[in-house]
Amino acid sequence: MEVKRHTIKLVVNNKPDVLARIAGVFSARGFNIESISANVTMDPNVTKIRIVTMGDTSTVTKIQNQLKKLVDVLSVSHVRESKQGQREMILMQVKLTDKNRNDVMKAIDELQCKIVTRKSDYCILEATGSEEELEILVQRFDSLGIEDLSRSGVVAL
Amino acid sequence: MKKSGAEILLEALSDSGVDTIFGYPGANTLPIHDGLRSGPIRHYLMRHEQAAAHAADGYARATGKVGVCLATSGPGATNLVTGIATAYMDSSPIIALTGQVTTTLLGSDAFQETDIIGITLPITKHSFLVRDVRDMKSTIQEAFKLTTCSRPGPVLVDLPRNVLASSCPAGEERTYQSTPKVSNGIGDKDDQLHKIARALNQAERPVIIIGGGVKLSNACREITDLIEKGRIPFVNTMMGVGSVHAANGYNLGFIGTHGFELSNRVVHQADFILAIGTRFSDRSTSNVDAFAPLATIAQIDIDPTSVGKNIKTDLPLIGDIRKTLKKLIPLVETPDRIEWLSRIKKEQETTEKRNCYKGCGEPGRFIGMVQEAMPEETTAVTDVGLNQIWAVRSWLPKTPRSLLTSGGMGTMGFSVPAAIGAKIGVPEREVVAFSGDGGFFMNIQELATISYYNIPVKIIVFNNSHLGMIRQIQDLFYDSRLSSCELGNHADIVAIAKGFGLQAERVAVEKPEEGIDKMAASKGPFLLEVMVDPENYVYPIIPPGRSNMEMIFGRSD
Ligand SMILES: Cc1ncc(C[n+]2csc(CCOP(=O)(O)OP(=O)(O)O)c2C)c(N)n1
């Protein structure tokens, strides 16, 4: 069975234990959650959650069915592979030395990153893009010296 | 007028039709026990919370109504866990009420605080923590709706002590807040129904597999009509046993790892299977890859997660079983099926010769004698182990709720407390619990409940001085290297039962007449200890990982 990346979008009641219930459906099958993001919607009683997981399509379908059965899950959908509606944000702390300073600035310029903070020996950068775009970004800065990074997980419509 | 949370709770339970609670008190449930003194609900004080959950489960299985159990926070709540899981696995509608520490202490590791909602997440359909007394009534109403709707299952309601004790002015109760679910379309059901009917009509060797869902959806009449109209042989899963009168001519018995030779063989030959209310659990299919290799499989179930869960189905239909069958019956033809039915008949003659007393030996004969001696409308409750297989094979249920067994979870210790619940739920029916000696010891304390309330259940303990089923597996599949399966005979079960205040007798399984007669004649609770040879196993049996066709008929196989 082919293991692929799947993005699942859920609309749920905004209740304290809803995330634990959702996580339980994944962990019961030994599935890892690659990334997760959650935020409130226009309706304060309702939260939108996006989960990226790796798995074969048939098991992911079973997980979706199980998620649908949770009382506080209002809807479940599989986000199709089309990338237009999927973005992610990244924050990176990049080392600054006399040697790399110019290359870092060039990369910031070329990859259209935003500088959040700049100190004498490091800077914090912000960027958004598709997962693939951010991968390229990480690779480029990794060679220049990433000290720390954090990604938001995929946000999708 | 102001009412306390506990009063509102008891009123809401009463309004939902609850007349019985099985429970055990603790500091955090005392407001409820206080309210129980005067109300219409009867509380049975069990001797262990696990037994309270099993009793609520037994009550639900016997009556079709919701069973309710109650335990305090901390150890009381955790003691319920096995019972809740047992109900969950067999889709039994129970409500577990647990006391909880005061809301301000939640999460502080307070005395007797456990996160029981967290602990039971995977074994409940849903759970609620009532943080505000104004939500008490609507939460209980919602819990009742959820436990019975669609596929039934346990719902837990966690009740902090201060919420139970605080009062709610009349008119300030809040309604349950929930945004409606978006229902995804599941295709054209009528079209699928016609396809299933066509496949069934065209099949040469059709078989119906009846799961526990048929009873749960009260479709026993409809399934019987379908079988008789279409002249379709049927098998049961362990949970399906009893849906159709055992003496129905199309009944081939239950399938699976511990099932009958005949039923397993027939399923293997079938060209079309209509599976109703079953998830094809591994106990029914054994090695799933070799299950029913020739058959097109249609599956009807209310729960979308049960369809195609364990086996790929060609014609899935998600819907209420009863309603679906009502629509299906008029579409089904009545062929003569001479060839298929006579082939099965021949098969039946050979397999019956090979497996005397249904492969159970003396205990099989004994169970038949017990059923003869007891009134027609007697409910059997089984424990787990060889005794369960003996009972499910040999007890012939004539009505749907007359054989209760822990199928999905296989919980030893289930039979005695579940029998208590069954008897209290349907007092006019006799109840017989069948247990092994191992399982009997697991909830032996409930003999005290039985004698305290004088609950006239009959308990049959098969004493083979071993964990019999473990012994059989070690004997057959571990080259007779027996380990940790001997219980011995150092405890005098009859004397113990008498010590608890029950009448009791001991008989040998080969010569049980006198004991059975005394039991059948007794008006009160009665225990019959039945001495059985430890090597009296069940055959055929399917080795772990093998298919339903790789049956073993004895040690030499
Ligand atoms: C609570 C629990 N613990 C362990 C098991 C595993 N188990 C299944 S059958 C069995 C043996 C049962 O022995 P006994 O109750 O004496 O019944 P018998 O098989 O002899 O009829 C055991 C230990 C179980 N099903 N449930």
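Throughout, read-outs are computed from the coordinates displayed, never taken from laboratory work. Bear in mind the structure is a predicted one, so any value in this text is a computation, not a measurement. Using ideal geometry, Cβ is built from the backbone for each residue, glycine included, and neighbour counts are taken over all protein chains shown.
Per Stokes-Einstein, at 37 °C and 0.692 mPa s, what whole-number D in µm² s⁻¹ belongs to chain A, with the Kirkwood radius over Cα pairs as the hydrodynamic radius?
Answer, rounded: 189 µm²/s.
Which shape class, rounded, prolate or oblate, goes with chain B when its Cα gyration tensor gives a ≥ b ≥ c as root eigenvalues, a/c under 1.5 marks rounded, and past that a/b bigger than b/c marks prolate?
oblate
Convert each backbone phi in the stretch B:164-174 into a coupling constant with the Karplus relation 6.51 cos²θ - 1.76 cosθ + 1.60 (shift: θ = phi - 60°), then list the ³J(HN,Hα) values in order as whole Hz, x for Gly and Pro.
Those phi angles translate into 5, 8, 6, 10, 10, x, 4, x, 9, 5, 9 Hz.
Measure of size requested: the Rg and Dmax of the stretch B:361-531, with Cα atoms as the atom set and Å as the unit; please supply both.
Gyration radius and largest Cα-Cα distance of the stretch B:361-531: 15.1, 48 Å.
Would you compute the Debye intensity of the stretch B:29-105 from its alpha-carbon atoms alone, equal scatterers and no solvent, and pass along log10 I(q)/I(0) at q = 0.11, 0.19, 0.24 Å⁻¹ to two decimals?
With no solvent term, the Cα-only Debye profile gives -0.28, -0.79, -1.13.
Straight-line reach from B:Lys181: which aspartates and glutamates have a Cα under 19 Å away, not including same-chain ones fewer than 8 places off?
Once the sequence-local aspartates and glutamates are set aside, what remains near B:Lys181 is A:Asp17, A:Asp43, A:Asp72, B:Glu142, B:Asp303, B:Asp320.
List, largest first, the extents of the alpha carbons of the stretch B:30-158 along their principal axes, each in whole Å.
39, 35, 31
Mind checking which of B:Ile41, B:Tyr537, B:Gly515 is farthest towards the positive end of the protein assembly as shown's charge dipole, using Cβ charges of +1 (Lys, Arg) and -1 (Asp, Glu) about the Cα centre?
Towards the positive end, the residue furthest out is B:Ile41.
Per 10 Å bin from zero, what fraction in whole % of the C-alpha pairs of the stretch B:359-455 is there, up to the bin with the longest pair?
17, 50, 31, 2
For the stretch B:291-359 and the stretch B:16-74, what is the separation of their Cα centres, given in Å?
About 39 Å separates the Cα centre of the stretch B:291-359 from the one of the stretch B:16-74.
Before rounding to the nearest 500, sum -39500 (n - 2.57) across all DSSP H runs of length at least 4 in chain B and divide by the residue total; then give [θ] at 222 nm in deg cm²/dmol.
That calculation yields -10500 deg cm²/dmol at 222 nm.
Please get the size of the charge dipole for chain A, origin at its Cα centre, with Cβ charges of +1 on Lys and Arg and -1 on Asp and Glu, quoted in debye to the nearest 20.
Dipole about the Cα centre, nearest 20: 540 debye.
For A:Leu74, enumerate residues with amide H under 5 Å from its amide H, sequence gap 5+ or separate chain, H modeled in the peptide plane.
A:Val11, A:Val12, A:Asn13
Per residue, how big is the convex hull around the C-alpha atoms of the stretch B:458-557? Give it to me in cubic angstrom, could you?
Per-residue hull volume (Cα only) is 127 Å³.
Which of B:Lys523, B:Lys358, B:Lys181 comes first, and how do the rest follow, when ranked by fewest Cβ neighbours within 10 Å?
Neighbour counts put them in this order, fewest first: B:Lys523, B:Lys181, B:Lys358.
Which of B:Lys423, A:Lys62, B:Lys327 has the fewest other C-beta atoms within 10 Å, and how do the rest follow up to the most?
B:Lys327, A:Lys62, B:Lys423
Rounded to the nearest 5, what % of the DSSP beta bridges within the protein assembly as shown are antiparallel ones?
Once the DSSP bridges in the protein assembly as shown are tallied, antiparallel ones form about 45 percent.
Can you sort B:Trp340, B:Trp395, B:Trp390 from fewest to most other Cβ atoms within 10 Å of each residue's own Cβ?
The order, fewest Cβ neighbours first, is B:Trp340, B:Trp395, B:Trp390.
May I ask for the equivalent-ellipsoid semi-axes of the stretch A:4-79, computed as the square root of five times each C-alpha gyration tensor eigenvalue and listed largest first in whole Å?
Each semi-axis is √(5λ); the values are 20, 12, 11 Å.
Jot down the radius of gyration and Dmax of the stretch B:187-353, Cα atoms only, both in angstrom.
Taking only Cα atoms of the stretch B:187-353, I get Rg and Dmax of 14.3, 48 Å.
How large is the helix-only mean residue ellipticity at 222 nm for chain A, computed as the sum of -39500 (n - 2.57) over DSSP H runs with n ≥ 4, divided by its residue count, in deg cm²/dmol to the nearest 500?
So the calculated ellipticity at 222 nm is -9000 deg cm²/dmol.
Show me, bin by bin at 5 Å from 0, the whole-percent P(r) of the stretch A:86-156 based on Cα pairs.
4, 17, 32, 26, 13, 6, 2, 0
Compare the Cα positions of B:Leu30, B:Cys356, B:Phe434 along the charge dipole of the protein assembly as shown (+1 at Cβ of Lys, Arg; -1 at Cβ of Asp, Glu; about the Cα centre) and return the one farthest towards the positive end.
Projecting each Cα onto the dipole axis, the largest value belongs to B:Leu30.
Take the stretch B:167-268, drop everything but the C-alpha atoms, weight them equally and run the Debye formula without solvent; then report log10 I(q)/I(0) at 0.11, 0.16 Å⁻¹ to two decimals.
Taking Cα atoms of the stretch B:167-268 as identical point scatterers yields -0.50, -0.78.
Compute the normalised compactness of the protein assembly as shown: alpha-carbon radius of gyration over 2.2 N^0.38 Å, N being the residue count.
So the protein assembly as shown has a normalised radius of gyration of 1.09.
Using the Cα centre of chain A as origin and beta-carbon charges of +1 (Lys, Arg) and -1 (Asp, Glu), tell me which of A:Pro16, A:Gly55, A:Met105 is placed farthest towards the positive end of the dipole.
Looking along the dipole axis, the top candidate is A:Pro16.
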